[in-house]
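Notes follow once the structure below has been shown.
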Amino acid sequence: MAEKSTTPYNIKKKKEKNAAYRSLIRAELADELYEKILNFIVIEKRYRNKEFSAKELAAELKTNTRYISAVINSRFNTNFSCLVNEYRIKEALHRMTDKRYADMTIEEIGAVVGFANRQSFYASFYRIMGETPNSYRKRHTATK
């Protein structure tokens, strides 16, 4: 019988990688891409699209995924999917505590902010917040 994981949602620790291409990108290009990535993710809220990918972002910015990856790794200290999920979770936190969204279920909120399914939403939420979406919502709506 397989040994059961003691970590909820089978969350694994992030491994450090040292990719040579990260140092090949010019500082000016990295700065320009950083601003464009911020615009696409933060201002335009592209993270809400379930199919939003580094490949799509690279195509829209007329660059390649290695450069996107290098900039996200060096400037945001994370990878593409973690960055996108952090913004999804930030919006989910807002929606879970805002009275205007009180009639939405946790699953509906996860879908609206861009998660493809309940499992990925719960796993990302737990990884970032250290608790489930349900416990977070109960704790924060009980105090208001």
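The values are calculated or read from the model by the stated rules, or taken from the named source; none is laboratory data. None of the values given here were measured: they were computed from a predicted structure. Glycine gets a Cβ as well: all are built from the backbone with ideal geometry, and neighbour counts include every protein chain shown.
Search segment 125-135 for residues being assigned to a helix (DSSP H, G or I) and either among the charged types (D, E, K, R) or more than 18 Å from the chain's Cα centre (by Cα) (or both), and hand back the single one that is surrounded by the most Cβ atoms within 10 Å (Cβ to Cβ). Can you show your working first?
Residues of segment 125-135 that are assigned to a helix (DSSP H, G or I), as a first pass: 125-129, 133-135.
From what is left, the residues that are either among the charged types (D, E, K, R) or more than 18 Å from the chain's Cα centre (by Cα) (or both) are 127, 134-135.
Details: Arg127: 18, Asn134: 12, Ser135: 13.
Ranking the qualifying residues of segment 125-135, first place goes to Arg127.
Within segment 74-93, is even one residue part of a helix (DSSP H, G or I), over 16 Å from the mean Cα position of the chain (by Cα) and among the hydrophobic types (A, V, I, L, M, F, W, C)? Step through it out loud before you land on a result.
Here is the first cut: in segment 74-93, the residues part of a helix (DSSP H, G or I) are 74-76, 80-93.
Now narrow it down to the ones that are over 16 Å from the mean Cα position of the chain (by Cα): 74.
Add one more test, that the residue is among the hydrophobic types (A, V, I, L, M, F, W, C), and what stays is none.
Within segment 74-93 (the criterion being part of a helix (DSSP H, G or I), over 16 Å from the mean Cα position of the chain (by Cα) and among the hydrophobic types (A, V, I, L, M, F, W, C)), the answer is no, since none of the residues qualifies.
Filter segment 113-144 for residues that are in contact (Cβ under 8 Å) with a residue 40 or more places away in the chain, of a type outside the set (S, T, N, Q) and within 22 Å of Asn79 (Cα to Cα) and give the result.
Val113, Gly114, Phe115, Ala116, Tyr122, Ala123, Tyr126, Arg127, Ile128, Met129
I'm trying to understand the selection: among the residues of segment 68-89, which are farther than 29 Å from Arg137 by Cβ and in contact with a Leu (Cβ under 7 Å, 6 or more places away or on another chain)?
Within segment 68-89, Ile68, Val71, Ile72 qualify.
Which condition number in (1) free of Cβ contacts under 8 Å to residues at least 12 places away in the same chain; (2) over 19 Å from Asn39 (Cβ atoms); (3) of a type in the set (Lys, Arg) is the one that Lys62 fails?
Single failed check for Lys62: (2).
Please work out which residue is surrounded by the fewest Cβ atoms within 10 Å (Cβ to Cβ), limiting yourself to segment 60-85 and to residues that are among the aromatic types (Phe, Trp, Tyr) and either touching an Asp or Glu at 6+ places or on another chain (Cβ under 9 Å) or within 27 Å of Val112 (Cβ to Cβ) (or both).
Selected residue: Phe76.
With the structure loaded, tell me whether Glu28 is modelled with pLDDT of 95 or more and among the charged types (D, E, K, R) or whether it fails that test.
Working: modelled with pLDDT of 95 or more: no; among the charged types (D, E, K, R): yes.
It is false that Glu28 is modelled with pLDDT of 95 or more and among the charged types (D, E, K, R).
Quick check, is Ile72 closer than 19 Å to Arg88 by Cα, in contact with a helix residue (DSSP H, G or I) (Cβ under 6 Å, 6 or more places away or on another chain) and among the β-branched types (Val, Ile, Thr)? It would help to see each step written out before you state the result.
On the way: closer than 19 Å to Arg88 by Cα: yes; in contact with a helix residue (DSSP H, G or I) (Cβ under 6 Å, 6 or more places away or on another chain): yes; among the β-branched types (Val, Ile, Thr): yes.
Yes; evaluated as a whole, the condition is true for this residue.
Can you pull out every residue in segment 42-56 that is assigned to a helix (DSSP H, G or I) and farther than 16 Å from Ser74 by Cβ? It would help to see each step written out before you state the result.
Taking segment 42-56 first, the residues assigned to a helix (DSSP H, G or I) are 42-43, 46-48, 54-56.
Selection gives Val42, Ile43, Arg46, Tyr47, Arg48, Lys55, Glu56.
Could you grab me the full set of residues in segment 109-124 that are in a helix (DSSP H, G or I) and buried (at least 19 other Cβ atoms within 10 Å of the Cβ)?
Filtering segment 109-124 for residues in a helix (DSSP H, G or I) gives 109-112, 118-124.
Within segment 109-124, Ile109, Gly110, Phe121, Tyr122, Ser124 meet the criteria.
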